Amino acid sequence: MGKPENNVIQQQSDQTLGKRRSLLSIIVAKFMQNKLAVFGLFTLAIIITACVLAPWIAPHDPNFQNLRNRLAPPGPEFWLGTDHLGRDLFSRLLHGGQVSLTVGFVAMLGAVSIGTTIGAIAGFFGGRVDAFLMRLVDVIISFPNIFLLITLVAVLEPSMEILILVFALLSWTGTSRLVRGEFLTLKNREFVLAARTIGMSNTRIIFGQILPSAMGPVIVAATLAVGGFILAESTLSFLGLGIQPPRASWGNMLTYSQSVTIFRTAVWYPTFPGLMILITVLCFNFIGDGLRDALDPRVVEK
Amino acid sequence: MKATKSIFILVNLIFMLFMFLTACGTTPEDTDTAERGADEEVDEPTGDPQYGGTIVLGTSGEPVIFNALYHQDSASADVTDLIFAGLTYTDESLEVQPHIAKDNAEISDDGLEWTFELQEGVLFHDGEELTAHDVVFTYNIFLHEDYTGPRAGSFTSLESVEAVDDYTVKFTLREPDARFHTLTGYSILPEHILGDVPIGDLEDYNEFNIENPIGAGPFKFENWDPGQSLSLVAHEDYFEGRPYLDGVTFRFASDSNALVLLLETGDIDHMIAPTSELVAIETYEHVNLSSTLALRYDYIGWNLQNPLFEDVRVRQALTHAIDRQEITETVLEGQAEVAHAPVSPLSWAYNEDVARFDYDPDRALELLSEAGWEPGEDGILEKDGEKFSFTILSNDGNTTRRDIGIIVQQYLGQIGIEVKPEQMEWGAFLDKINPPNYDFDAIVLAWGLALDPDPSAIWHSKEIENGLNNISYRNDRIDEISDINTTIIDQDERAELLGEAWAILAEEQPYTFLYYPNQFVALNRDVQGFTHHPRVDMYKVNEWWLNR
């Protein structure tokens, strides 16, 4: 972010409620101009709503097997067909979406909280604290991510909770660097000096003064991270290390459909979970891009 | 423990087989499948066999060692079966037939002396003749105290082996052993190459075992490029006549999906086809499918060390609650028969007359109730405040077993038993379920059976501590039958005794016997002369030829 613009935002946000609203409205207006982002938000809203309401919407028990009706094509009873054990694909997609989205959002919240806190402390205090924390980040980054994930999940026995925990503990480094960078530029600004002068505590300066100004890039990173976590969950589930049967997730539905015969004779089975992953991750990326543009004051000028 | 080990080499083989979703076997008659052969498969351009061409075999298992005295996996066995020859072999009806030997053994009246006459002019790949001295050399390795391989236990009854002359070999047993004829098929090793290697070092003698194995079999080892391919070329002086094929190449692929795609493009000519891919393979016009009942059964094993499964009524109830007929008709596409006892219908010792626990959930609930299990508040069965809940484990990479775990979860869920299916990597899985860990509740697995039906290895209580009886089954009568059955030479008498064992095991249900599966081999139509063997994948490859 450019320096002058940050000042502007800071001053505005410190002032009256009315002006804040106008800042928000500027952001919203800018976001709405991005058609892809709006489309993404809209689509995602539908997907999330459907998944949240899965227990009421889903026409069948997602885990009920009817072996006599395996790999049935889409039709009036099974809207998207059935899987290799005769389970309703539509119901499984909705319930699987719950799992995938939960993993995505909760892991994001965890990673962003850890990353923001560590980045803020490192950037604000600098010196040895900074050096220590950033070396910690270096260490974590230098592990090949997917192998570390696979190892950890395998050792800890795969489950949704473990997945979330592992994702959160391994993925906060990007956010922490981002936040640290923001803090390095912001901590010597006048408003921080002013806050110090009136005797505000470090905690209040960090979380009350500087952090709100640094939130823009964090929000963008967080949005993109949700998509990333959904993909990571799919990858691990695909490898059999993620969500365990019979519970559905989009990733493990793809695993089960991994067979030449299914590709030839029941192409809907891998297609639908694949599409759901694709669309959802794409939506998060569109929204992330839209937010980046909306939150970045430089774009206003263009 | 020793006896166990010998047979269980075979068992290990099976493990590997299962792992890759393959089994072995084929119908002798033709290359059409029994029920699913495509209608237009009337081709079979028969004609005189012709020489030439190289066949490419697709497999997902990489071999380890090319020495039948030491290998423990099916991928290595497939290769050694082509490179080496033994005194005898087992044909597709599971009868032992002479191979290098001129005829079956001449057995003395007391059953203790087995004499084989060898064919003359059998040459190793390096041109040296195979004689009785090589046979003696090979079998003495099994008897040697420094022998490090897994097969010593098979030969506990063998006292000595000696060469009467260059072409006559005599085995002397300590006691009659009904299994012994199935043990005479081991690969004969060349004494002129290995004679000076200390027996204790033989297993690690890679110059022979890996780099340059020399046998008297139909194909010579040429080259192995690990992870890629392994090639063998015809042995020009093979004693049964030069093989029709110029060579055999094994092509390694990561999994069955990759193999099916290679089959589709014609890059491989042969693969063991998983049942789940038959529908796709049937659509390939250039491929024939052959099927035969495999010498194996699949099962769910209940860990009898777990108090949940102590009561025989509970185990019977579990079997009653699982619709095996539906599983075979759907997941296995009808290509399996429901099993009721731990013996294959292919075996002469098969006994049909055993207790059956067909699908009957009401009866299952009755039995459970008799055993003290009643539904709790949440619908899950309880006894003394403990819930009926357990984990069913299988190895990953095997989709059929994974699915059976999930299916059983639903069947048992319907009568109020909570099941959690889990999968583990093969090595970790074996480590967890086998002694000394016994760390499982239930497992989905299969046994590829040894040619001899002796039940000792899996069911004798002495095999609990260190053998294959990892479910800790214990029954005095089974122990007794295991101990005496191999000393009974008369096959009918022995079959009757073994029939009693199968009946006891069927009644006690230490396993839920699932099914006897068919094995499918997918073959390019150009491949002729193929014979489907229920247990041996590389069977009479010297008679295969290419119509190209």
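The values are calculated or read from the model by the stated rules, or taken from the named source; none is laboratory data. The structure presented is a predicted model; accordingly, all values stated were derived computationally and were not measured. As a convention, Cβ positions derive from the backbone with ideal geometry for all residues, glycine included, and neighbour counts pool all protein chains shown. The protein model used for the area step is the full one, side chains on, heavy atoms only, and it has no ligands, DNA or RNA in it. Shrake-Rupley method; radii C 1.70, N 1.55, O 1.52, S 1.80 Å.
Restricting the first residue to the stretch A:142-160 and requiring it to be within 14 Å of chain B (Cβ to nearest Cβ), which pairs with a second residue that is among the aliphatic types (A, V, I, L, M) and open to solvent by 80 Å² or more (accessible area, probe 1.4 Å) meet a Cβ separation below 8 Å and a spacing of at least six or different chains?
What qualifies is A:150/A:239.
Looking only at residues in the stretch B:296-331 that are part of a loop (DSSP other than H, G, I, E, B) and open to solvent by less than 10 Å² (accessible area, probe 1.4 Å), which one is farthest from the other protein chains (Cβ to nearest Cβ)?
B:303
Just to verify a result, which residue in the stretch A:80-109, among those that are closer than 30 Å to residue A:167 by Cα and open to solvent by 30 Å² or more (accessible area, probe 1.4 Å), is nearest to the other protein chains (Cβ to nearest Cβ)?
Result: A:95.
If residue B:261 passes every condition in (1) in contact with a Lys or Arg (Cβ under 7 Å, 6 or more places away or on another chain); (2) surrounded by fewer than 18 Cβ atoms within 10 Å (Cβ to Cβ); (3) within 14 Å of chain A (Cβ to nearest Cβ) but one, which one does it miss?
Of everything listed in (1) in contact with a Lys or Arg (Cβ under 7 Å, 6 or more places away or on another chain); (2) surrounded by fewer than 18 Cβ atoms within 10 Å (Cβ to Cβ); (3) within 14 Å of chain A (Cβ to nearest Cβ), residue B:261 misses just condition (1).
Here is a yes/no grid of residues against (1) modelled with pLDDT of 90 or more; (2) part of a loop (DSSP other than H, G, I, E, B); (3) within 22 Å of residue A:285 (Cβ to Cβ); (4) away from every other protein chain (no Cβ under 14 Å):
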{"position": "A:183", "(1), (2), (3), (4)": "yes, no, no, yes"}
{"position": "A:194", "(1), (2), (3), (4)": "yes, no, no, yes"}
{"position": "A:217", "(1), (2), (3), (4)": "no, no, yes, yes"}
{"position": "A:237", "(1), (2), (3), (4)": "no, no, yes, no"}
{"position": "A:241", "(1), (2), (3), (4)": "no, yes, no, no"}
{"position": "A:244", "(1), (2), (3), (4)": "no, yes, no, no"}
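Can you pull out the residues in the stretch B:465-507 that are open to solvent by 10 Å² or more (accessible area, probe 1.4 Å), of a type in the set (A, V, I, L, M) and without any contact (Cβ under 8 Å) to a residue 60 or more places away in the chain?
B:484, B:497, B:504
Just a yes or no: is a residue in the stretch B:283-294 under 25 Å from residue B:334 (Cβ atoms), assigned to a helix (DSSP H, G or I) and within 14 Å of chain A (Cβ to nearest Cβ)?
So far as the stretch B:283-294 goes, no, none of its residues is under 25 Å from residue B:334 (Cβ atoms), assigned to a helix (DSSP H, G or I) and within 14 Å of chain A (Cβ to nearest Cβ).
Inspect the stretch B:404-424 for any residue being on the phi > 0 side of the Ramachandran plot, in contact (Cβ under 8 Å) with a residue 24 or more places away in the chain and within 14 Å of chain A (Cβ to nearest Cβ) and give the result as yes or no.
Among the residues of the stretch B:404-424, not one is on the phi > 0 side of the Ramachandran plot, in contact (Cβ under 8 Å) with a residue 24 or more places away in the chain and within 14 Å of chain A (Cβ to nearest Cβ), which makes the answer no.
Look through the stretch A:202-225, keep the residues that are over 18 Å from residue A:185 (Cβ atoms) and of a type in the set (A, V, I, L, M, F, W, C), and return whichever of them is surrounded by the most Cβ atoms within 10 Å (Cβ to Cβ).
The qualifying residue surrounded by the most Cβ atoms within 10 Å (Cβ to Cβ) is A:225.
Kindly indicate whether any position in the stretch A:89-101 is touching an Asp or Glu at 6+ places or on another chain (Cβ under 7 Å), β-branched (Val, Ile, Thr), under 30 Å from residue A:66 (Cβ atoms) and part of a helix (DSSP H, G or I).
No; the residues of the stretch A:89-101 include none that is touching an Asp or Glu at 6+ places or on another chain (Cβ under 7 Å), β-branched (Val, Ile, Thr), under 30 Å from residue A:66 (Cβ atoms) and part of a helix (DSSP H, G or I).
Residue pairs, Cβ under 7 Å, 6 or more apart or interchain, first in the stretch A:58-79 and within 14 Å of another protein chain (Cβ to nearest Cβ), second open to solvent by 60 Å² or more (accessible area, probe 1.4 Å). List them.
A:71/A:265
Got a sec? Which of A:170, A:165, A:193 is open to solvent by 70 Å² or more (accessible area, probe 1.4 Å), out of contact with any Lys or Arg (no Cβ under 7 Å at 6 or more places or on another chain) and closer than 30 Å to residue A:238 by Cβ?
A:165
What pairs come out if I take residues in the stretch B:244-257 that are closer than 14 Å to residue B:75 by Cβ and away from every other protein chain (no Cβ under 14 Å) and pair them with residues that are among the basic types (Lys, Arg) and assigned to a strand (DSSP E or B) whose C-beta lies under 8 Å away, six or more apart or interchain?
Every condition considered, no pair remains.
Which of the following residues is crowded, with 18+ Cβ neighbours inside 10 Å and not in a helix (DSSP H, G or I): B:176, B:213?
Only one candidate passes the filter, namely B:213.
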